[in-house]
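Structure record follows, encoded as structure tokens.
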Amino acid sequence: AEEGLVVLNHHRGFAVPCLGWKDLEQIAQARRPLEVLALELAREHVHPADIDRLTQLKEQLLTAFRTAGMRVCATPDQAFHSLIWELSGNPWLQAALRRLSQPYFVYGSAFNLGRQDHSPESMDAIHRRYIDYLARRTSESAADCVDFHLNLGSLAAESARVEES
């Protein structure tokens with residue numbers, strides 16, 4: 001319940017929250033400035049071994065996606081982002097992002113099950129931008145990287161909404 005994965009209904013037990021597109025958009029809206037800050041702070045603390053670890057986590061995410069699609073991507077995706085949050089050196093920021101993003105990762109993976117607009121190439125591009133920013137191999141800002149990441153998700157969400165209609 002504290003992580004937002006279940007809701008406590010007094011005298012009735014727990015239930016899975018009913019998250020819709022608006023919830024996901026609001027989570028992304030709140031996540032954006034925090035994720036930007038985490039990337040900026042992490043860039044000041046990152047070491048070559050951290051870049052190697054992030055690259056490994058990105059490859060694990062891509063392998064999971066290629067093997068079983070989005071339904072298995074929540075754990076490796078969260079591991080990737082959690083390492084960046086940890087590298088920020090700010091435990092309050094890390095806790096806020098974990099609390100805010102947990103339902104997004106879990107629900108996003110379940111919701112995107114079988115979607116055609118995500119590909120290994122798009123997943124690689126999203127996460128490679130974060131790594132390149134941290135490794136100082138790009139002139140893009142942290143905000144540019146996060147916007148690309150979240151906007152690609154928003155474009156995918158919009159496309160799914162159109163398909164549902």
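The values are calculated or read from the model by the stated rules, or taken from the named source; none is laboratory data. Since we're looking at a predicted model, the values are computed, not measured. Because the Cβ atoms are built from the backbone with ideal geometry, glycine has one as well, and the counts that use them run over all protein chains shown. The area values use the complete protein model at the heavy-atom level, side chains included, leaving out ligands, DNA and RNA. Shrake-Rupley method; radii C 1.70, N 1.55, O 1.52, S 1.80 Å.
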- Query: If ligands, DNA and RNA are left out, what is the accessible area of Thr63 with a 1.4 Å probe, given in Å² to the nearest 10?
  - Reply: 80
- Message: What figure, in Å² to the nearest 10, do you get for the accessible area of Glu40 with a 1.4 Å probe and non-protein molecules left out?
- Response: 80
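Sorted by accessible area with a 1.4 angstrom probe, largest first, how do Arg136, Arg32 fall?
So the residues, ranked largest to smallest area, are Arg136, Arg32.
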- How do Trp21, Trp85 rank by accessible surface area computed with a 1.4 Å probe, from largest to smallest? Trp21, Trp85
- So what's the net charge close to Val146: Lys and Arg +1, Asp and Glu -1, counting the other residues with Cβ under 12 Å from its Cβ? -2
- Note on the structure: Summed over the other residues with a beta carbon less than 15 angstrom from that of Leu93, with K and R at +1 and D and E at -1, the charge totals +1
- Message: Need one value: the accessible area of Asp147 in square angstrom, 1.4 angstrom probe, rounded to the nearest 10.
- Response: 50
- Cβ-Cβ cut-off under 14 Å around Arg31, Lys and Arg +1, Asp and Glu -1: the net charge is -2
